[in-house]
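To keep things clear, I will list the structure first and then write my remarks on it.
Values in this text are rule-based calculations from the coordinates and carry no lab data. Not measured: the values here are computed from a predicted model. Every residue, glycine as well, gets a Cβ built from its backbone with ideal geometry; the counts of neighbours run over all protein chains shown.
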Amino acid sequence: MIPAAGLSERMGDFKPLMELDDQAMIARTLHSALAGGADDALVVLGNNGAAIRELLRGQCRFITNQAYRDSDMFSSVQLGLQTLLDSEWPDEPLDGVFILPGDIPAVSPQTFQSLVAAAEEAAVAAATAAAVGAEVAAAVVVPAADSATTPVAFVPTCNGRHGHPLLLLKPAFSTILRFQGQDGLRQILKNLKATEVEVDDPAIILDADTPEGFKDLEFYLKGLK
């Protein structure tokens, strides 16, 4: 999921259509998610949504946050998750969702893959712990306890700093949809005790929220050539 409904007020220009290395930022963000292994993409539109829809037509799905002027990115995430749960799309069973803001366009494919690998490893570890716990409980003739809880949220870190994309597994969706407090995703990650996944990818913390941030992204992309 790519939230891209914001007003771009701090940038002073419409971020999604600003060009980075001859490509619109929102297109770069979409392509990085697909290159990282996402089966499909849902872009949450708002401000100037028609222009984004036209640019990305045929490459992804869209939903519009009608309240984009008076809401934040977390409301777009909630809208996107509810849309995924309510619709018959995607065709395959939905295991989880990457959350990648539209102004973080340079994440490497390896970062997405590292998050998936961490989720798979956590699931195996939780299943193994649960099986051991059940065997111990049976041996002493008491009911088996829930000895392990499978992590449902994963956040990449680079040099100890949290970034994007987030990986949220389906069991986390209901918690996110019910949440009405402050700090949105930041608080949700605390509530879900998100698993940190260290990656060698500075781009997870490089967003184009301001003109200075945009320049940092330009410099970073030039260094990759």
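How large is the helix-only mean residue ellipticity at 222 nm for the chain, computed as the sum of -39500 (n - 2.57) over DSSP H runs with n ≥ 4, divided by its residue count, in deg cm²/dmol to the nearest 500? The partial results should precede the final answer.
Working: 7 runs with 91 residues, N = 225.
Helices in the chain give a 222 nm mean residue ellipticity of -13000 deg cm²/dmol.
For the range 8-87, trypsin sites (Lys or Arg not before Pro) are listed when DSSP marks them as loop and at most 10 other Cβ atoms sit within 10 Å of their Cβ; the list is Arg57. For Ala41, the residues whose modelled amide H falls within less than 5 Å of its own, excluding neighbours fewer than 5 places apart on the same chain, are Arg61. Residues within the reach of a label modelled at Ser71 (point 7 angstrom out along Cα to beta-carbon, backbone nitrogen below 14 Å), restricted to the range 33-58, are 43-47. Note on Lys15: lysines with a C-alpha under 16 Å away, same-chain residues under 8 apart excluded, are Lys215.
Could you give the dipole magnitude of the chain about its Cα centre, charging the beta-carbon of Lys and Arg +1 and that of Asp and Glu -1, in debye to the nearest 20?
Working: 16 positive and 30 negative charges, 73 e Å.
I would put it at about 340 debye.
Students often check this: by mean Cβ neighbours within 10 Å, which of 37-48, 194-205 ranks highest, and how do the rest follow? Walk me through the numbers on the way to the answer.
Numbers: 37-48: 19.4, 194-205: 17.7.
Averaged packing, sorted descending, gives the order 37-48, 194-205.
Between Gln82 and Ala51, the distance separating the two model label sites (each 7 Å from Cα on the Cα→Cβ line) works out to 2.8 nm. The relative contact order of the range 24-112 comes to 48 percent, based on Cα pairs under 8 Å that sit 6 or more residues apart. Of the residues Ile176, Pro105, Ala118, the one whose Cα sits farthest toward the positive end of the charge dipole of the chain, with +1 on the Cβ of Lys and Arg and -1 on the Cβ of Asp and Glu, is Ile176.
Computed across the chain, the Kirkwood hydrodynamic radius from all distinct Cα-Cα pairs reaches 18.6 Å.
Applying 1/(1 + (r/R0)^6) with r as the Cβ-Cβ distance of Asn191 and Tyr220 and R0 = 35 angstrom yields a FRET efficiency of 0.65.
Using r as the Cβ-Cβ distance of Ser174 and Gln113, and R0 as 25 Å, what FRET efficiency do you calculate, to the nearest 0.05? Don't skip to the end; give the middle numbers.
Values: r = 27 Å, r/R0 = 1.07.
Calculated transfer efficiency: 0.40.
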